[in-house]
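Quick notes on the structure that follows.
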Amino acid sequence: TGKHLRPFSIKKILLLSSSYDYFLLEEEGRIEKLFQHIYPKDLPLQPPEITHVESSQEAKRYLDNDQFDLLIIFNEPQDTNLLFLTNSIKDLHPDLPVVYLANHTAQLKKLIEKDNYETIDRAFTWNGDGSILLTIIQLFEDQTNIQSNPSAENKEIILLIEDDIQYYSSYLLLIYEEL
């Protein structure tokens, strides 16, 4: 999937996290180096532009003034309740995919049960590997491309059935690394 041109590709990501969490993501994955794997220089696709913000107010301001293809919230924001934030964002931007990436698996499960995937489209566990960012991007691109043209020929699909966030985070990471 990563080696072929995709009709839909994520171009702009808004990442809401603390400076420390952003540092972890950047340091563990070396984001630019990771992007070279799925966006080789000989293909016309460009890696997505990531805009990092540290507060919910900044995130809302950016969302009001620019178009993003994906919002990733890495750990709960310090300045607001996560579900309050995702509710207010979905009210104004109902089609924007919202991903929650978190360290604490038990807390994450409770939060998702409370939200029931109404304002958070996907949740992933942070396992210390920055490649999870690529996994998230590729998953949403593949999902959109499959849904936009379900009858296209020569589609190869891998179906993963797993409802445990920690397990599917790990499995998807491994699957996309192998592909």
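Enumerate the calculated ³J(HN,Hα) couplings along segment 9-16 in order (Karplus 6.51 cos²θ - 1.76 cosθ + 1.60, θ = phi - 60°), each rounded to whole Hz, writing x wherever the residue is Gly or Pro.
9, 6, 9, 9, 10, 9, 10, 9
What pairs in Lys60/Lys109; Lys90/Lys114; Lys12/Lys90; Lys11/Lys60; Lys90/Lys110 have C-alpha atoms more than 23 Å from each other?
On the way: Lys60/Lys109 25 Å; Lys90/Lys114 16 Å; Lys12/Lys90 17 Å; Lys11/Lys60 19 Å; Lys90/Lys110 20 Å.
In this structure, Lys60/Lys109 lie more than 23 Å apart at Cα.
Can you work out the accessible area per residue across segment 81-145, with the rest of the protein chains kept in place, probe 1.4 Å, in square angstrom? Kindly include the intermediate steps, with their values, before the conclusion.
Values: 2830 Å² over 65 residues.
Roughly 44 Å² per residue, with all protein chains present.
Counting only other residues whose beta carbon sits under 9 Å from that of Phe140, what net charge do I get with K and R as +1, D and E as -1? Walk me through the numbers on the way to the answer.
Numbers: positive: Arg122; negative: Asp69, Asp121, Glu141, Asp142.
That works out to -3.
Identify the residues of segment 88-129 with backbone N under 17 Å of a label point that sits 7 angstrom from the Cα of Asp79 along the Cα-to-Cβ direction, or state none.
From segment 88-129, the list is 88-89.
In a shell of Cβ-Cβ distance under 15 Å around Glu54, excluding Glu54 itself, what net charge do Lys and Arg (+1) and Asp and Glu (-1) give?
Details: positive: Lys60, Arg61; negative: Asp21, Glu26, Glu58, Glu76, Asp79.
Here the charged neighbours net out to -3.
The values are calculated or read from the model by the stated rules, or taken from the named source; none is laboratory data. Note that the structure is predicted; figures quoted are calculated from it, not measured. No Cβ is skipped: glycine too gets one built from the backbone with ideal geometry, and neighbour counts run over all protein chains shown. Just so you know, the surface numbers come from the protein's heavy atoms only, side chains and all, with ligands and any DNA or RNA stripped out. Shrake-Rupley method; radii C 1.70, N 1.55, O 1.52, S 1.80 Å.
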